[in-house]
Amino acid sequence: MNRTINTVHFLSLFLVTLCLGPALAHLLELPNKIGLGRDEYFTVQQVYRGWALLGALILAAVLATVGLAVMVRRDRRLLPWVLFALACLVGAQAVFWIFTYPANVATENWTTMPENWEMLRARWEYSHAAGGLLTLAALAALAALIPSLIARARRSTLKA
């Protein structure tokens, strides 16, 4: 069982790390993009074409973390960290669907310039920043499990 838990933990950690790449890209670009003029901003936004495919990666990270939560549900040391990571991942998705996605729809993925584009830009940028921070917190929680998983494996080895 320890080997399976370790494998699922690694998978969850790996997938969340992959999700963190684009999430941090959004967070780190915010100070440079938030003040761009309309034409510049709409031009820069085109670099994100195709990023919707990352949704599969996010779904895989959530599912792996759910699987990990199920596997450690009886371990009081591990479960809170896994549930926190899962809550952060779900929270990042809630932020995306409540704030980011509607801005994408209103601008037709930043190809149409509505009157309120500046408000939509702020919503899009800050919601992505929040999602990045939540994904970072999820990764930190999953990384915090490593010492406990090592100790658990040692205890299991000593019993065998």
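The values are calculated or read from the model by the stated rules, or taken from the named source; none is laboratory data. On a predicted model such as this, the values are computed, not experimentally measured, just so you know. When we count neighbours, we look across all protein chains shown, and the Cβ atoms used for this are built from the backbone with ideal geometry, even at glycine.
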Quiz prompt | Wholly enclosed helices (runs of 4 or more DSSP H) of the range 28-102 bearing at least 3 residues farther than 20 Å from residue 128 by Cβ and within 15 Å of the chain's Cα centre (by Cα) | solution = 54-71, 79-95
Quiz item: Does the range 15-60 hold any residues that are over 17 Å from residue 113 (Cβ atoms) and of a type in the set (Asp, Glu), and which are they?
Solution: 29
Quiz item: Within the set of pairs 6 or more residues apart or between chains, which connect a residue that is of a type in the set (S, T, N, Q) inside the range 44-63 to a residue that is surrounded by 15 or more Cβ atoms within 10 Å (Cβ to Cβ) with Cβ atoms less than 6 Å apart?
Solution: 45/110
Practice problem: Working carefully through the options 135, 100, 107, find the one that is of a type outside the set (Phe, Trp, Tyr), touching a Ser or Thr at 6+ places or on another chain (Cβ under 7 Å) and surrounded by 16 or more Cβ atoms within 10 Å (Cβ to Cβ). | Solution: 100
Quiz item: Restricting attention to the range 137-153, which residues are over 29 Å from residue 23 (Cβ atoms) and either outside any helix (DSSP H, G or I) or modelled with pLDDT under 75 (or both)?
Solution: 153
Quiz item: Going through the range 2-27 one residue at a time, which ones are more than 13 Å from residue 131 (Cβ to Cβ) and without any contact (Cβ under 8 Å) to a residue 24 or more places away in the chain?
Solution: 3, 7, 10, 14
Exercise. Would you please name the residue that is surrounded by the fewest Cβ atoms within 10 Å (Cβ to Cβ), looking only at residues in the range 1-55 that are farther than 30 Å from residue 72 by Cα and touching a Leu at 6+ places or on another chain (Cβ under 8 Å)?
Key: 44
